[in-house]
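To start, the structure under review is shown below, and the notes come after it.
The values are calculated or read from the model by the stated rules, or taken from the named source; none is laboratory data. Everything numeric here is computed off the predicted structure, so don't read it as measured data. Note that we place each Cβ from the backbone using ideal geometry, even for glycine, and neighbour counts take in every protein chain shown.
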Amino acid sequence: MEELQKVKDQIKDFVKECNDKKSLELLDLLATGKMLRSKLILKIAGINEESIKLCAIVEMIHAASLLHDDVIDEADTRRGKPSINALFDNKTSIMFGDILYSKAFTELSQMNREVAYTVSNAVTLLSIGEMLDVDLTNEFNTSYDKYLDMIYKKTASLIEASAKSAAILANKDKDKFALYGKNLGLAFQMIDDILDITQDSQTLGKPAMLDFVEGKVTIPYLLLHERVEDKARLESLYKKSLSQEDTLWIKQQMTETKALEDSINEAKKLGLEAIAAVKDEDNESLVQIMSAMINREF
C-alpha cells in the first residue's frame, strides 16, 4: 500500500528532525507490523497531509510502547525480528522509546487541539493499561471486569483514539467512530488471546498457550474458571510449564464448558456492534476490516 509507505516516510522525516544518527539507525531496525491504526485513520480521514501526520504520530507512540513492552516482558524478538533490547540492551530500548514518544508529542502539539487531547489522553490510559497488565500477573485473576478494563486501556484506547481523531479531522461523527475503534481494539485483543489457545506454535510463531504460563488469565481462562468443576486443578497449572496432558485437559475443558466458544462469540458481538455503529457512514472498508477479523478460522 502506497499510502502506508507515505506514513513510513513521514516517521523517518520526523526522526531525521531529531538530528541524531543513532535514532535513525535504530528506526531502521524496528520491525513494522500491520499498521492497523494507520489503515484505520486513512480509511476514515482519507489521505492528506494531516492524516499522514496523525498516522506517523500514532505509529511512533505504538512503537515506543512496544519498545518499553519488550523490556518489561524480557522479549528477544518482535514480529519475528530481533528486538532492540536483544540487539543492544534495555537502556537503549527504553531511551529510543522515549525519543519516539517525545517527538510524537512534539508533533501532536502542533495539530488540532481536540485531536492532540484525544491521542495524548489515550497514551496515559495505555501506560496505565501496561501497569495493570503487569499487576494482573501477580496472582490468578478471576475478575472479568479487571481483564476488560486492562485490555481496553492497554490495547483498545489508542485504536479508539485513532478512529476518533481521524473522524475529527474529517468532520465526521466522532462518537460513532470512537465506538468502532474501541470495539475493534477489544475484539482484536480477545481474538489474539483466543488464538493463543487454538493455534499451534508454528502458526503463532511462539509457543502455544504461552499466555497462561506467563500469568495472563485471558477471556477463555476466565470463563473456564467460572464453569469448570475442578477449579483447584486449573489454578494449580497457573504459571507452570504445561505438560501435554495438562494442555489436553485445559483444551477439553474449554470445549466441554463452552468457554472457548463463548469467548469467540463475545469478540464477535463486539465486532457486530462496531459494524452497526458505522453502518450509515458509507464506509464499506471498515465493515470489511471488522468482518475479516471476527469471521476467521479459530
Residue in region 138-150 that is crowded, with 20+ Cβ neighbours inside 10 Å and of a type outside the set (S, T, N, Q) present = yes
task = Filter region 5-22 down to the residues that are assigned to a loop (DSSP other than H, G, I, E, B) and of a type in the set (D, E), then identify the one that is farthest from A104 (Cα to Cα).
result = D20
Residue match in region 241-257 (condition: closer than 17 Å to I194 by Cα, within 19 Å of the chain's Cα centre (by Cα) and surrounded by 20 or more Cβ atoms within 10 Å (Cβ to Cβ)) = no
task = Give the residue that is surrounded by the most Cβ atoms within 10 Å (Cβ to Cβ), with candidates limited to residues of region 162-202 that are of a type in the set (S, T, Y) and closer than 27 Å to F140 by Cβ.
result = T198
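To keep it simple, each residue is scored yes or no on (1) assigned to a loop (DSSP other than H, G, I, E, B); (2) more than 26 Å from L54 (Cβ to Cβ); (3) among the charged types (D, E, K, R); (4) under 17 Å from the mean Cα position of the chain (by Cα).
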| position | (1), (2), (3), (4) |
| --- | --- |
| D145 | no, yes, yes, no |
| L148 | no, yes, no, yes |
| I159 | no, no, no, yes |
| P207 | yes, yes, no, no |
inquiry  = Looking only at residues that are among the small types (G, A, S) and outside any loop (DSSP other than H, G, I, E, B) in region 99-118, which one is nearest to A161 (Cα to Cα)?
reply    = A116
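To keep it simple, each residue is scored yes or no on (1) surrounded by fewer than 22 Cβ atoms within 10 Å (Cβ to Cβ); (2) outside any helix (DSSP H, G or I); (3) among the hydroxyl-bearing types (S, T, Y).
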position: A31; (1), (2), (3): yes, yes, no
position: K39; (1), (2), (3): yes, no, no
position: V58; (1), (2), (3): no, no, no
position: I61; (1), (2), (3): no, no, no
position: I72; (1), (2), (3): yes, no, no
Top-ranked residue in region 2-17 [being in contact with a Ser or Thr (Cβ under 9 Å, 6 or more places away or on another chain) and at pLDDT below 95; ranked as nearest to R78 (Cα to Cα)] = L4
request  = Would you mind finding the one in K91, K43 that is free of Cβ contacts under 8 Å to residues at least 24 places away in the same chain and either assigned to a helix (DSSP H, G or I) or touching a His at 6+ places or on another chain (Cβ under 8 Å) (or both)?
outcome  = K91
request  = Report whether or not I128 is free of Cβ contacts under 8 Å to residues at least 60 places away in the same chain and in the same structural domain as K22 (by TED's automatic domain parsing).
outcome  = no
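Have a look at L54, L66, L40, L87 and point out the one that is out of contact with any Pro (no Cβ under 8 Å at 6 or more places or on another chain), under 24 Å from D175 (Cβ atoms), among the aliphatic types (A, V, I, L, M) and at pLDDT below 95.
Testing whether each residue is out of contact with any Pro (no Cβ under 8 Å at 6 or more places or on another chain), under 24 Å from D175 (Cβ atoms), among the aliphatic types (A, V, I, L, M) and at pLDDT below 95 leaves just L40.
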